[in-house]
1. Which of VAL188, VAL126, VAL223 moves the most in a Gaussian network model of the chain with Cα springs under 10 Å?
2. If you take every DSSP beta bridge fully contained in the range 14-145, what fraction is antiparallel? Give it as a percent rounded to 5.
3. How long is the gain from ARG55 to LEU77 if the chain were fully straight, where each residue apart is worth 0.36 nm and the alpha carbon distance is subtracted?
4. Summing +1 for each Lys or Arg and -1 for each Asp or Glu, what net charge is found among the other residues whose Cβ lies under 10 Å from the Cβ of GLU106?
5. Out of the range 7-76, which chymotrypsin sites (Phe, Trp or Tyr not before Pro) are coil in DSSP terms and have no more than 15 other C-beta atoms within 10 Å?
6. Accessible surface of ASP190 in the full protein assembly, 1.4 angstrom probe, to the nearest 10 Å²?
7. In percent, what relative contact order does the range 64-164 have, based on Cα pairs under 8 Å that are 6 or more apart in sequence?
8. Can you tell which of ASP70, ASP183, ASP155 shows the greatest fluctuation in a Gaussian network model of the chain with Cα springs below 10 Å?
Amino acid sequence: MSITGEEARARAERPLRNPRTRTVLMCRPEHFDVVYRINPWMNPGLPTDTPLALRQWDELHRLYVGLGFDVRLIDPLPGLPDMVYAANGAFVIGNVAYGASFAYPERRPEGPAYRDWLRAAGFEVVTPREVNEGEGDFLLVGETILAGTGFRSSDASHRELADVFGREVLTLRLVDPSFYHLDTALAVLDDAPGREHIAYLPRAFDANSRALLAARFPDAILVDGEDAAVLGLNAYSDGYHVVVASRAFDFARQLREHGYEPIGVDLSELLLGGGGIKCCTLELRR
């Protein structure tokens, strides 16, 4: 198939994207169910299919392994149906793990479980004083930590985070209950210093946060509400491959236009708990 001169120029102008090997922690959804409601996605009155959740999660796991990721596993614990959302368990940079302290009592036992695993794996674990939900609300871009607040992680946790890691922490306030964690409204596409690139849903943030994001990331991909509604922004990137919800069609198009390779994955069953691809993925940065 021939391409036009304009298409050829557009392809030539796309930035070169470089994949980088990732080390991640995941948790199989062996006990996944929706038995309480702590976010707008959850409805205990609707049936859940745990075997389907397992098959979908297994596909994500196989994909990560196929991309060359070093995938570690934490054992799922009975009575913790949301433990599959490993990103909420901590935030890790340079072998230091800042542990989670969950806002809702239903999830609080997950904090010690993840801290115990990280400590046994050789990480220096910091037990938090402040309420925070780990990488659900904290995302590293270059040398800066983007930190969400408004629904789960407290503003005070941002100050604690800055003390632990000695890095700039940029506070972003979420205002739409459907996007209650930062990683449901914003995706880090390239975290390499000097190449920082993100995508986000503007209406998920207050006016001040939108202004901060526009100033800091003028080339960001702005995602529409339809793709965000299938947690399309709850994606995970190695700098080139972007694992994204298979129903986020326009976001996939935008990613290709910016030189990425989107890979669609269906986690529709885990979406019933309010989580997607990134929620299932805690990055372990050594």
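1. Sorting by GNM fluctuation, first place goes to VAL126.
2. Numbers: 7 of 14 bridges.
Among the beta bridges of the range 14-145, antiparallel pairing accounts for roughly 50 percent.
3. Details: separation 22, 0.36 × 22 = 7.92 nm, distance 1.85 nm.
Stretched out fully, the ARG55 to LEU77 stretch lengthens by 6.1 nm.
4. Numbers: positive: ARG37, ARG107, ARG108; negative: ASP82, GLU110.
Overall, the nearby charge balance is +1.
5. Working: sites: PHE32, TYR36, TRP41, TRP57, TYR64, PHE69; in loops: PHE32, TYR36, TRP41, PHE69.
Here the chymotrypsin sites (Phe, Trp or Tyr not before Pro) that fit, given the DSSP loop and packing criteria, are TYR36.
6. Near enough 0 Å² of accessible area.
7. Details: 143 pairs, mean separation 24.8, N = 101.
Reported as a whole number, the value is 25 percent.
8. ASP70
The values are calculated or read from the model by the stated rules, or taken from the named source; none is laboratory data. Owing to the predicted nature of the structure, the values given are computational and were not obtained by experimental measurement. FYI the Cβ positions are ideal-geometry reconstructions off the backbone, even for glycines, and counts take in every protein chain you see. Ligands, DNA and RNA are stripped out before the accessible areas are found, and what is left, the full protein with its side chains, is counted by its heavy atoms. Shrake-Rupley method; radii C 1.70, N 1.55, O 1.52, S 1.80 Å.
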